[in-house]
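A.B. asks: Before we start, here is the structure in question, set down as structure tokens.
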Amino acid sequence: MPTFKYFILFFIFLFLFSVSSCKKEDVIYDINQLQSSSYNANKNKLKSVGQYISIVYANLFQKALSSNELVEITRCIESIGDKQVAHEIVLSNFMNRQDVIIPSDSMMRADLDLFLEETYKRFFVRNITEAEREFFLNFLNSNPHVSCEMVYMSFALSNEYQFY
């Protein structure tokens, strides 16, 4: 009978050893937690027609739009059914004016990084992300026919620009 006791003790010891030795260790990496959000997460209010026109005018001309012109342009936009088409027409008219303040294409191409940073701050009121920078640098370098006016038009007509 003592062998039976040893046999039982052996199995108890083997059971305890196997249960205690098979614990999975949680690996903890020593990293810093980072709070991140979308670059335009707080832009969720659609600009009114008056706000949009006033802001785009200020971005293109670096001065305020007169109230008479604002009322006239707002009425024109509200009379057109498709707001996107109306915005394109107004922007096109703005771009054709002599007093619009945009860099020349040669200045844009001379320092694309600086141009992109200033354009993002001017239109989106935020810094450019590295992914956006990489995309635009690749796009502008591979498409030499893209002008500064085209870039400004695309920023002013973008979805992000429509919200504040």
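We did not get these values from a lab; they are worked out from the coordinates using the rules stated. Treat the numbers as computed from the prediction; the structure is a model and nothing was measured. Every residue, glycine as well, gets a Cβ built from its backbone with ideal geometry; the counts of neighbours run over all protein chains shown.
A.B. asks: Which FRET efficiency value, to the nearest 0.05, is calculated for Ala64 and Asn32 with the Förster distance at 30 angstrom and r the Cβ-Cβ distance? Provide the component values of the computation, followed by the final result.
C.D. replies: Working: r = 44 Å, r/R0 = 1.47.
Computed FRET efficiency for Ala64 and Asn32: 0.10.
A.B. asks: Next question, about the same structure. Please pull out the direction-averaged projected area of segment 102-147, using the convex hull of its alpha-carbon atoms, in nm² to one decimal place.
C.D. replies: Details: hull surface 12.0 nm².
With the hull built on Cα positions only, its mean projection is 3.0 nm².
A.B. asks: With +1 on each Lys and Arg Cβ and -1 on each Asp and Glu Cβ, how big is the dipole of segment 102-147 about its Cα centre, in debye rounded to the nearest 20? Intermediate results must be reported in sequence, preceding the final value.
C.D. replies: Values: 5 positive and 8 negative charges, 32 e Å.
In debye, rounded to 20, segment 102-147 gives about 160.
A.B. asks: Report, in deg cm²/dmol and to the nearest 500, the calculated mean residue ellipticity at 222 nm for the chain, where each DSSP H run with n ≥ 4 adds -39500 (n - 2.57) and the sum is divided by the residue count.
C.D. replies: Values: 9 runs with 103 residues, N = 164.
So the helix-based figure for the chain works out to -19000 deg cm²/dmol.
A.B. asks: Related question: Over the Cα atoms of segment 44-101, Rg to Rh with Kirkwood Rh, two decimal places?
C.D. replies: When Rh is taken as the Kirkwood radius, the ratio is 0.94.
A.B. asks: Report, to the nearest 10°, how far helix 67-79 tilts away from the longest principal axis of the Cα atoms in the chain, using its own Cα long axis and a range of 0 to 90°.
C.D. replies: Once rounded, one gets 70 degrees.
A.B. asks: Determine the shape class of the chain: with a ≥ b ≥ c the square roots of the Cα gyration tensor eigenvalues, call it rounded for a/c under 1.5, and otherwise prolate if a/b is greater than b/c, oblate otherwise.
C.D. replies: Numbers: a/c = 5.17, a/b = 3.08, b/c = 1.68.
The shape class here is prolate.
A.B. asks: Follow-up. Work out how much length Asn138 to Phe10 would gain on full extension: take 0.36 nm times their residue separation and subtract the Cα-Cα distance, in nm to one decimal. Write down the numbers at each step before the final one.
C.D. replies: Values: separation 128, 0.36 × 128 = 46.08 nm, distance 7.02 nm.
Once the chain is fully extended between Asn138 and Phe10, it gains 39.1 nm.
A.B. asks: I would also like to ask the following. Just to confirm the number: angle between the C-alpha axis of helix 130-142 and the first principal axis of the chain, 0 to 90 degrees, nearest 10?
C.D. replies: 50 degrees
A.B. asks: What's the angle, to the nearest 10 degrees (0 to 90), between helix 83-95's Cα axis and the longest principal axis of the chain?
C.D. replies: The helix 83-95 is inclined about 60 degrees to the chain.
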